[in-house]
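The structure appears right after this line, and notes come after that.
The values are calculated or read from the model by the stated rules, or taken from the named source; none is laboratory data. Note that the structure is a prediction, hence the values are computed from the model and not measured. Quick reminder, even Gly has a Cβ in these numbers, built from the backbone with ideal geometry, and neighbours come from all protein chains shown.
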Amino acid sequence: MDFHIPQKTQELLDQVRTFVEQQLYPIEADAVGKTFRELLPTLEAKRDRVRKLGLFIPQISKEHGGVGLSFLDYAMLCEEMARSPYGNYVFNAQAPDAGNMQILIQFGTAMQKKRFLGPLLRGEIRSCFSMTEPDRPGSNPTWLETTAVRDGDAYVINGHKWFTSSADGASFAVVMCVTDPDAQRHDRASQIIVPTDTPGFQLVRNIPCMGHAGDDWASHAEIRYENCRVPLANRLGDEGAGFAIAQSRLGPGRIHHCMRWIGIAERSFEMMCRRAAAREVAPAEPLASCQSVENWIADSRAEIDAARLMTLHAAWKIDQTGARSARTEISTIKFFVAGVMLKVVDRAIQAHGALGISDDTVLSTFYRNERAARIYDGPDEVHRSLVARQVLKQYASQ
Ligand SMILES: Cc1cc2nc3c(=O)[nH]c(=O)nc-3n(C[C@H](O)[C@H](O)[C@H](O)COP(=O)(O)OP(=O)(O)OC[C@H]3O[C@@H](n4cnc5c(N)ncnc54)[C@H](O)[C@@H]3O)c2cc1C
């Protein structure tokens, strides 16, 4: 077991840490009260800097114009980028585009790569992933209502989706549609690329969440697909392979989410420690001298370290034996790390008192945006159930 981080990787992590601290932290205060669209010129200028540093799309191989990092190195980089809410976006490594890039590289045809992947990699367009429906349980993605029916050389898509993140301003959606309702559960759906200017693509609204409807990349849309006609050539992979493609995207994606959450937890932890050391509850009596605050600090340190080790171990296992055999580890970190991150952010807010819930620090943004971590990409309960079933298998055989 070697916990040593190679020098080259450490230098890259330091470089990204410095960039995020110097270039992105100042944007956070400036962003209060602004829409995401109003921030775009600033964020585009930062993207240009990232391009010049040769760090754009760090999750992508050199062959496709990225940095060409190993899975483990990229996982560590996710932590650094996520210390600011703008980090992933500025490096063009944000969800849902990063997942769409991955499946287009893996399953896309030459036409799909040229028309959709190329501009996405270059950061010229954005995309979204449209699977969850208001009238079906998102935690069971094999049970969907949206259909794609063949008509000559086209599919005609009808359905109602919601929580399609970042649809506002996206150029295309990857839509999960039922193409064969009579097939086996896991073979019913296909993923189909729908340009958002297709007649019948209707963005109903950006759904207000925690008091903010958001806009552009920072939003979650309700969408109706009404007789949307797209060429058969817009299907990703084989007909019926939609669920398998979704799984191939979600496994590695969960590692990236977990490392992103660790970045958020680590930044919140540092803010909590600074506040505890600097704030006096009485003359010459720092907040840090209160035992409950010591407990928050000690517990947070232990939990973040455990979360990071578990996540890096899962990433290592994916590297060694593939995502399928690391299913239990991936489910374990999905609920564990989300919980750790939310606890640490909450403690940091508590340590800041009223300042913690104000928008004068980034903590309120973390709190508002990240509660969803226990719901998307599989709610906690679904992952806990998978882990428990795997564990119990051994006992059943005894
Ligand atoms: C911020 C955010 C962004 C999102 N982005 C996208 C996106 O870009 N594209 C997209 O397609 N979807 C997206 N989603 C949707 C997300 O994937 C779903 O919300 C998620 O899969 C849960 O589905 P649901 O909301 O329908 O909840 P349901 O499936 O109705 O589940 C509700 C609750 O029931 C419980 N539950 C469900 N199943 C079980 C079970 N088997 N055992 C025990 N308890 C259970 C859980 O507590 C769960 O939270 C996003 C969601 C959020 C909050």
Could we say that residue 396 is without any contact (Cβ under 8 Å) to a residue 40 or more places away in the chain and within 16 Å of the ligand (Cβ to nearest atom) here?
no
If a residue counts only when it is of a type in the set (S, T, N, Q) and without any contact (Cβ under 8 Å) to a residue 40 or more places away in the chain, which helices (runs of 4 or more DSSP H) contained entirely in segment 3-82 have at least 3 such residues?
7-19
Restricting attention to segment 209-238, which residues are of a type in the set (Lys, Arg) and under 25 Å from residue 249 (Cβ atoms)?
224, 235
For residue 142, which of the numbered conditions (1) surrounded by fewer than 22 Cβ atoms within 10 Å (Cβ to Cβ); (2) modelled with pLDDT of 95 or more; (3) of a type in the set (Ser, Thr, Tyr); (4) more than 10 Å from the ligand (Cβ to nearest atom) fails to hold?
(2)
Output the residue which, of all residues in segment 83-95 that are outside any helix (DSSP H, G or I) and hydrophobic (A, V, I, L, M, F, W, C), is surrounded by the fewest Cβ atoms within 10 Å (Cβ to Cβ).
95
Name the pairs whose Cβ atoms lie under 6 Å apart, with the first residue in segment 207-225 and modelled with pLDDT of 95 or more, the second within 11 Å of the ligand (Cβ to nearest atom) and among the basic types (Lys, Arg), and 6 or more positions between them or separate chains?
223/161
Kindly evaluate residue 332 against the criterion of being modelled with pLDDT of 95 or more, in a helix (DSSP H, G or I), in contact with a Cys (Cβ under 8 Å, 6 or more places away or on another chain) and away from the ligand (no atom under 15 Å from the Cβ).
no
Can you find a residue that is part of a helix (DSSP H, G or I), away from the ligand (no atom under 14 Å from the Cβ) and within 24 Å of the chain's Cα centre (by Cα) anywhere in segment 212-230?
no
Looking at residue 71 and the list (1) surrounded by 22 or more Cβ atoms within 10 Å (Cβ to Cβ); (2) under 30 Å from residue 317 (Cβ atoms); (3) of a type in the set (Phe, Trp, Tyr), which single condition is not satisfied?
(1)
So residue 248 passes all but one of these: (1) modelled with pLDDT of 95 or more; (2) buried (at least 17 other Cβ atoms within 10 Å of the Cβ); (3) away from the ligand (no atom under 12 Å from the Cβ). Which condition number does it fail?
(1)
Out of the residues in segment 231-288 that are in a helix (DSSP H, G or I) and of a type in the set (Asp, Glu), state the one that is farthest from residue 305 (Cα to Cα).
270
So which residues in segment 145-168 are within 18 Å of the chain's Cα centre (by Cα) and either within 16 Å of residue 194 (Cα to Cα) or more than 9 Å from the ligand (Cβ to nearest atom) (or both), if there are any at all?
162, 164, 165, 166, 167, 168
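Conditions (1) on the phi > 0 side of the Ramachandran plot; (2) within 13 Å of the ligand (Cβ to nearest atom); (3) loosely packed, with under 13 Cβ neighbours inside 10 Å; (4) among the aliphatic types (A, V, I, L, M), marked per residue:
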| position | (1), (2), (3), (4) |
| --- | --- |
| 350 | no, no, no, no |
| 358 | no, no, no, no |
| 363 | no, no, no, yes |
| 369 | no, yes, no, no |
| 373 | no, yes, no, yes |
| 377 | yes, yes, no, no |
| 380 | no, yes, no, no |
| 384 | no, yes, no, no |
| 388 | no, yes, yes, yes |
Taking segment 96-134, which residues are within 16 Å of the ligand (Cβ to nearest atom), part of a loop (DSSP other than H, G, I, E, B) and out of contact with any strand residue (DSSP E or B) (no Cβ under 7 Å at 6 or more places or on another chain)?
126
Looking across segment 291-323 at residues that are modelled with pLDDT under 95, out of contact with any helix residue (DSSP H, G or I) (no Cβ under 7 Å at 6 or more places or on another chain) and of a type outside the set (Ser, Thr, Tyr), the single one that is surrounded by the fewest Cβ atoms within 10 Å (Cβ to Cβ) is 320
Looking for whichever is over 27 Å from residue 269 (Cβ atoms) and of a type in the set (Phe, Trp, Tyr) here; the options are 91, 107, 71. Which one fits?
107
